[in-house]
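The values are calculated or read from the model by the stated rules, or taken from the named source; none is laboratory data. These numbers were taken from a predicted model, which means no experiment stands behind them. Quick reminder, even Gly has a Cβ in these numbers, built from the backbone with ideal geometry, and neighbours come from all protein chains shown. Note: areas computed on protein heavy atoms with side chains; ligands, DNA, RNA excluded. Shrake-Rupley method; radii C 1.70, N 1.55, O 1.52, S 1.80 Å.
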2 protein chains.
Amino acid sequence: MNNIELNKLSIFALGGVYEIGKNMYVIQYADDIIVIDCGSKFPDESLPGIDLIVPDISYLIENQEKVRALVITHGHEDHIGGIPYILKQLNIPVYGTRLTLGLVKGKLKEHRLKGTVFHEIKTDSFIELGRSFQLSFFRTNHSIPDCVGIALQTPEGTVVHTGDFKFDLSPSNKQFPDIHRMAKIGEAGVLVLLSESTNAERPGFTPSERLVGEKITDAFQKATNKIFLSTFASNINRLQQVVDAAILTNRKLLLLGRSMINVVTIAQELGYIHIPDGMLVESKEANQLPREKVAVLCTGSQGEPMAALSRLASSTYPHTEISSGDTVILASSPIPGNEKNVASMLDHLYMLGAHVIHGSGVATGMHVSGHGSQEELKLMLTLMKPTYFIPIHGEYRMLFQHRLLAESVGVEKDNIYIMNNGDVLDLSGNHVQQTRKVTAGNTLVDGLGIGDIGNIVLRDRKHLAEDGILVVVVTLSRLEGTILSGPDIISRGFVYVRESEALLGEVGRLVLKTIADLQESGNDGKWSILKHRIKESTSKLLYAKTKRRPMVLPIIIEV
Amino acid sequence: MNNIELNKLSIFALGGVYEIGKNMYVIQYADDIIVIDCGSKFPDESLPGIDLIVPDISYLIENQEKVRALVITHGHEDHIGGIPYILKQLNIPVYGTRLTLGLVKGKLKEHRLKGTVFHEIKTDSFIELGRSFQLSFFRTNHSIPDCVGIALQTPEGTVVHTGDFKFDLSPSNKQFPDIHRMAKIGEAGVLVLLSESTNAERPGFTPSERLVGEKITDAFQKATNKIFLSTFASNINRLQQVVDAAILTNRKLLLLGRSMINVVTIAQELGYIHIPDGMLVESKEANQLPREKVAVLCTGSQGEPMAALSRLASSTYPHTEISSGDTVILASSPIPGNEKNVASMLDHLYMLGAHVIHGSGVATGMHVSGHGSQEELKLMLTLMKPTYFIPIHGEYRMLFQHRLLAESVGVEKDNIYIMNNGDVLDLSGNHVQQTRKVTAGNTLVDGLGIGDIGNIVLRDRKHLAEDGILVVVVTLSRLEGTILSGPDIISRGFVYVRESEALLGEVGRLVLKTIADLQESGNDGKWSILKHRIKESTSKLLYAKTKRRPMVLPIIIEV
């Protein structure tokens, strides 16, 4: 390898493109690597039993002596959820703003992880990392406070990573977007822009969070009974607006749900949310107050079956209940995949006689996106006027739409790279190349196991879920080959035994016949053949009789 | 039971309320029962391995000598999908319009069911059933032709069942809604109206199907390459509009997907779709034509993994492929629950370089609902001006909204009944009562089994899917109680064995210790205790080591 090759700038994603979630981007120059974000995502039904998905960090482990920092843009799960799992394998310093670090620390505490070095980012921070990098930051707006974009100066030029953003020009928390700093960065010249694509399919300009505050205040003023409001716990600006509406209407506030209590506690400690003394009450106290004097702020806006609002909707939450005439506000819209859970929860809320106001369905203004729409993405592209553009954070069609937006504001078509996780963009002098790949993919977390669940196990789980299992146990005499016991046939998830005795009896006779046939043919010493034959003949019989294909597990014992 | 009680009118649902799908409504007077519709619905992930859900018809089987007819309002799966399963248990005559019966017959043929008596309904039919009922019909519009609503005269008064409907005042197939007949029925007096609630949450008036035709024509005229259009196969009016657009732009038509070919064949035979001779081509011929001379009409608009469009999107469909520059039209919107499959398919279509136009997302006019919105539901209520109203077809919140709509047009609040499946409304003279219940619920179809999968089997399947199974086999001597073989430990869906030898070894030692402990305590003769102890200690160990809870299945063999 010659020197030029060694000293190139390389950019790639280990997560977050061709998908939503588990964001992780890597920027390398020579012997210096910095990692931006480390998110997680939830599995869909194709991954039964899996708790969480985090990025495959093989590349970082192989190059661990080069990794200078993990820089976090903001405190959402798809940007910080993977941190505990990665830090278990790789001890690197973590950089983030005050709130972001507060949330990360809470997470590491739960995992009992110690020894991590933290560095707090301020918006005027200037950080040198390794021999190659200088980092500065610009404030953005999103559905959590304290978000930053990153400007990374490298020997090849400046790389900008936007993080998640919208342009909320009238933010409810007065954290205005740093447009002048963005303009300066763009003016000085941006080599590569990585910008988020979540809402690239959505025309227009995302409304200000302030709008939601107005709607919440309006609903609080109209409500004549207890109010239950559910939203994403991390949307601290929205929580503040709920607090303000409760103050205005003279209600005490009850918090329900672990993550709501966690986030509010951290945000209060760090000064991101302001709740007057004595305003927060416990359920016991809330139950003694008149219903019109209480507002409940709870988790569960996505209809998650174990979260507070779902359990309130099904009247199974301890000490607190929704009554006829109460107002229930869902300040959220369903994340794709959660539509059915939310709909079912809404049904139960209506059945309780609640007055239900929800952000989805007919436009109520009870939710606005935290991501910029097309005009905002174009504004970011215009401010940064990058030479090269890489759309990030999104499924393919969103990246594709973002490419079209970039073209529309004047970025050269040939300079836009839609890259999958692991695809590397190498830049050196005037030379740009996108041919290399590094290892990237999903690491599955199941209980305490990280990455130990493979395709065979998942295939078996899916098979077991479809049609269950039938275990056939036969004990043979080692000397004579005679059957000493069995066949014993045990099924789980296939048929209810009492109703299927005849069928299982038939299986038993078939197994006996299979063994006899094989012994006659002189092949009886070979267990693997016997097992295979039992499996084959049993599966065939069961499919013919039931059109089902349970997993058949023959067990031969010799004594 | 006195005579008045015997001669009451009873109305209840066996499916279709508090849910979407498996519609089935029963109307009984004395010894006469008629059944309206017999649908199926698809299971969600809470029912692993289940193929289909149909209504529980215990009540009809118990009263089979009274059942006079199954009357079908239209040919959609949620109205006809359960027919083969019901007819296997109950041979009753089936009434429906020409197209509806054609689709039902196709279905029964697949199930090799013979001996059913069919009666064709025309819109001017007048049918007497049993001693109590006279039926007449009125034409409605929906996303399939030949839909009817039913007016059922009974000794207590007229019951109207709308079926699914919208008011398409400019229908593309010229099957205008029978508004004058509806007005007459209402004028003559309606005792009870059962009206569908699917779009009760949607304000306004659903646009005409003709709009979709205009958009399709427009897209066909702009396309410069091959066109792929996917929509619901049963939307025959839309298929006709696709045929017309292909004629206009001089394209041959290729049909892909079993249900598309089935429906078009039946609709052609019965005269519901008109395709010029020589216009339909097979894939071989289509491949020899210039790309701009071909339109492909295919199944898979819901992203179903095995349907034509998904396989085309992943380039795994035989003999036909989508190329860069082709136009792909999804004339549909995702049914709740299918959003992720559709999104993933869209990604693949974009990756192929197709020009994608889809009904969901940004409004393209490529899909309109087949169900009437709020103003149309109010129009039906106004035309029928019923004394009593029962909202049907929908989840609770839709029924609830429909109740509010009925109140807004003047139906007495106390005369509106939201009833769950199995809740009976009894009417007799001026007396109305809603206290009785009949058996109602889900009958699960799995392979050849109808209703034989119970809760235990489903619970086992879910457990197996989450964490797999661990089978522990031990062979004991009947006489001495010594261990002759084992413990053999076999796992499926839990851990990949090669990576977990140490853990499984530990389980083996624990099982040996459990047996020894039990034998020492003198309890060794009791298998059930031994099994229980092995299960308990093994589960505990596995959870401590892995935080997973596989199903543990101990098998003790005595020889």
Would you confirm whether any residue within segment A:33-44 is closer than 30 Å to B:Tyr543 by Cβ, without any contact (Cβ under 8 Å) to a residue 24 or more places away in the chain and open to solvent by 10 Å² or more (accessible area, probe 1.4 Å)? yes
Condition (residue is open to solvent by less than 10 Å² (accessible area, probe 1.4 Å), at pLDDT 95 or above, at negative phi and touching a strand residue (DSSP E or B) at 6+ places or on another chain (Cβ under 9 Å)) applied to segment B:267-280: is it met by at least one residue? no
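Yes or no, residue by residue, for (1) in a loop (DSSP other than H, G, I, E, B); (2) within 18 Å of A:Pro391 (Cα to Cα); (3) within 20 Å of the chain's Cα centre (by Cα); (4) not polar (S, T, N, Q):
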site: A:Ile11; (1), (2), (3), (4): no, yes, no, yes
site: A:Pro43; (1), (2), (3), (4): yes, no, yes, yes
site: A:Leu47; (1), (2), (3), (4): yes, no, yes, yes
site: A:Arg68; (1), (2), (3), (4): no, no, no, yes
Could you list, ordered by first residue, the pairs with Cβ atoms under 7 Å in which the first is in segment B:128-145 and assigned by TED's automatic domain parsing to the domain that holds B:Glu65 and the second is among the basic types (Lys, Arg), at least 6 apart or interchain? B:Leu129/B:Arg68; B:Gly130/B:Arg68; B:Phe138/B:Arg181; B:Asn141/B:Lys166; B:His142/B:Lys166
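Can you tell me how many residues within segment A:511-537 are crowded, with 16+ Cβ neighbours inside 10 Å and closer than 23 Å to A:Val559 by Cβ?
Of segment A:511-537, the ones crowded, with 16+ Cβ neighbours inside 10 Å are A:511, A:514-515, A:518-519, A:524, A:530-531, A:533-535, A:537.
Now narrow it down to the ones that are closer than 23 Å to A:Val559 by Cβ: A:511, A:514-515, A:518-519, A:524, A:530-531, A:533-535.
Final tally of qualifying residues: 11.
Any residue at all in segment B:247-254 that's within 24 Å of the chain's Cα centre (by Cα), among the polar types (S, T, N, Q) and open to solvent by 30 Å² or more (accessible area, probe 1.4 Å)?
Taking segment B:247-254 first, the residues within 24 Å of the chain's Cα centre (by Cα) are none.
Scanning segment B:247-254 turns up no residue that is within 24 Å of the chain's Cα centre (by Cα), among the polar types (S, T, N, Q) and open to solvent by 30 Å² or more (accessible area, probe 1.4 Å).
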Cross-chain or 6+ apart pairs with Cβ under 7 Å, segment A:234-253 first and among the charged types (D, E, K, R), then part of a helix (DSSP H, G or I): A:Arg238/A:Glu209; A:Arg238/A:Val212; A:Arg251/A:Lys293; A:Lys252/A:Ala286; A:Lys252/A:Lys293
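Would you be able to say whether some residue in segment A:540-555 is out of contact with any Pro (no Cβ under 7 Å at 6 or more places or on another chain), part of a helix (DSSP H, G or I) and away from chain B (no Cβ under 11 Å)? Break it down into steps so the answer makes sense when it comes.
Looking only at segment A:540-555, we keep the residues that are out of contact with any Pro (no Cβ under 7 Å at 6 or more places or on another chain), and these are A:540-541, A:543-555.
In the following step, the residues that additionally are part of a helix (DSSP H, G or I) were identified as A:540-541, A:543-546.
Filter once more, keeping what is away from chain B (no Cβ under 11 Å): A:540-541.
Yes.
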For segment B:13-41, which positions are within 30 Å of A:Arg549 (Cβ to Cβ) and either among the aromatic types (Phe, Trp, Tyr) or assigned to a strand (DSSP E or B) (or both)? B:Gly15, B:Glu19, B:Lys41
Check A:Leu169 against each of (1) open to solvent by less than 30 Å² (accessible area, probe 1.4 Å); (2) not in a strand (DSSP E or B); (3) not charged (D, E, K, R) and name the one condition it does not meet. (1)
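Out of B:Lys114, B:Lys122, I need the residue that is under 18 Å from B:Ile185 (Cβ atoms), part of a loop (DSSP other than H, G, I, E, B) and basic (Lys, Arg). Which one? Working first, answer last.
Numbers: B:Lys114 fails: under 18 Å from B:Ile185 (Cβ atoms).
When all the criteria are applied, what remains is B:Lys122.
Taking the conditions exactly as written (open to solvent by 60 Å² or more (accessible area, probe 1.4 Å) and touching a residue at least 60 places away in the same chain (Cβ under 8 Å)), does B:Glu285 satisfy them or not? Please lay out each step first, then the result.
Details: open to solvent by 60 Å² or more (accessible area, probe 1.4 Å): yes; touching a residue at least 60 places away in the same chain (Cβ under 8 Å): no.
Here the answer is no, as B:Glu285 does not meet what is asked.
For segment A:49-66, what are the residues that are among the acidic types (Asp, Glu) and assigned to a helix (DSSP H, G or I)?
Quick first cut of segment A:49-66, residues among the acidic types (Asp, Glu) only: A:51, A:56, A:62, A:65.
Across segment A:49-66, the qualifying residues are A:Glu62, A:Glu65.
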Quick one: count up the residues across segment A:86-117 that are touching a Gly at 6+ places or on another chain (Cβ under 9 Å), open to solvent by less than 30 Å² (accessible area, probe 1.4 Å) and not aliphatic (A, V, I, L, M). 4
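Regarding B:Arg202, is this residue open to solvent by 40 Å² or more (accessible area, probe 1.4 Å) and more than 17 Å from B:Glu375 (Cβ to Cβ)? It would help to see each step written out before you state the result.
Working: open to solvent by 40 Å² or more (accessible area, probe 1.4 Å): yes; more than 17 Å from B:Glu375 (Cβ to Cβ): no.
Spelling it out, it is not the case that B:Arg202 is open to solvent by 40 Å² or more (accessible area, probe 1.4 Å) and more than 17 Å from B:Glu375 (Cβ to Cβ).
Mind checking which residues of segment A:250-264 are out of contact with any Ser or Thr (no Cβ under 7 Å at 6 or more places or on another chain) and modelled with pLDDT under 95? Let's see the steps before the verdict.
Of segment A:250-264, the ones out of contact with any Ser or Thr (no Cβ under 7 Å at 6 or more places or on another chain) are A:250-253, A:255, A:258, A:261-262, A:264.
Across segment A:250-264, the qualifying residues are A:Arg258, A:Asn262.
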Only one of B:Thr154, B:Thr140 is modelled with pLDDT of 95 or more, out of contact with any helix residue (DSSP H, G or I) (no Cβ under 9 Å at 6 or more places or on another chain) and not aliphatic (A, V, I, L, M); which? B:Thr154
Restricting the search to segment A:359-407, which residues are more than 13 Å from every other protein chain (Cβ to nearest Cβ), under 27 Å from A:Ile236 (Cα atoms) and hydroxyl-bearing (Ser, Thr, Tyr)? A:Ser369
Pair list, Cβ < 7 Å and 6+ apart or interchain, from segment B:115-127 residues that are in the same structural domain as B:Ile83 (by TED's automatic domain parsing) to residues that are of a type in the set (D, E, K, R): B:Glu120/B:Arg98; B:Thr123/B:Arg139; B:Thr123/B:Asp178
Scanning segment B:479-499 for residues that are modelled with pLDDT of 75 or more and more than 41 Å from the chain's Cα centre (by Cα) gives B:Thr482, B:Ile483, B:Leu484, B:Ser485, B:Gly486, B:Pro487, B:Asp488, B:Ile489
Search result, residues across segment A:408-424 that are crowded, with 18+ Cβ neighbours inside 10 Å, more than 21 Å from A:Gly21 (Cα to Cα) and either within 13 Å of another protein chain (Cβ to nearest Cβ) or touching a Ser or Thr at 6+ places or on another chain (Cβ under 9 Å) (or both): A:Val411
Scan B:Ile86, B:Ile144 and give me the residue that is part of a loop (DSSP other than H, G, I, E, B) and closer than 19 Å to B:Met24 by Cα. B:Ile144
Go through segment B:433-488 and count every residue that is more than 10 Å from chain A (Cβ to nearest Cβ), without any contact (Cβ under 8 Å) to a residue 60 or more places away in the chain and surrounded by 18 or more Cβ atoms within 10 Å (Cβ to Cβ). 1
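For segment A:213-234, how many residues are assigned to a helix (DSSP H, G or I) and either surrounded by 17 or more Cβ atoms within 10 Å (Cβ to Cβ) or not charged (D, E, K, R) (or both)? Walk me through how you get there before you give the answer.
The first filter runs over segment A:213-234 and keeps only residues assigned to a helix (DSSP H, G or I), leaving A:213-222.
After this cut, where a residue has to be either surrounded by 17 or more Cβ atoms within 10 Å (Cβ to Cβ) or not charged (D, E, K, R) (or both) as well, the list is A:213, A:215-217, A:219-221.
Looking only at that region, the number is 7.
Can you confirm whether segment A:183-198 contains a residue that is within 14 Å of chain B (Cβ to nearest Cβ) and in contact with a helix residue (DSSP H, G or I) (Cβ under 7 Å, 6 or more places away or on another chain)?
Our first condition is that a residue be within 14 Å of chain B (Cβ to nearest Cβ); within segment A:183-198, this holds for A:197-198.
Filter once more, so that each one left must be in contact with a helix residue (DSSP H, G or I) (Cβ under 7 Å, 6 or more places away or on another chain): A:197-198.
Within segment A:183-198, one or more residues are within 14 Å of chain B (Cβ to nearest Cβ) and in contact with a helix residue (DSSP H, G or I) (Cβ under 7 Å, 6 or more places away or on another chain).
Determine, yes or no, whether B:Pro386 is open to solvent by less than 60 Å² (accessible area, probe 1.4 Å), under 19 Å from B:Phe12 (Cβ atoms) and touching a His at 6+ places or on another chain (Cβ under 8 Å).
no
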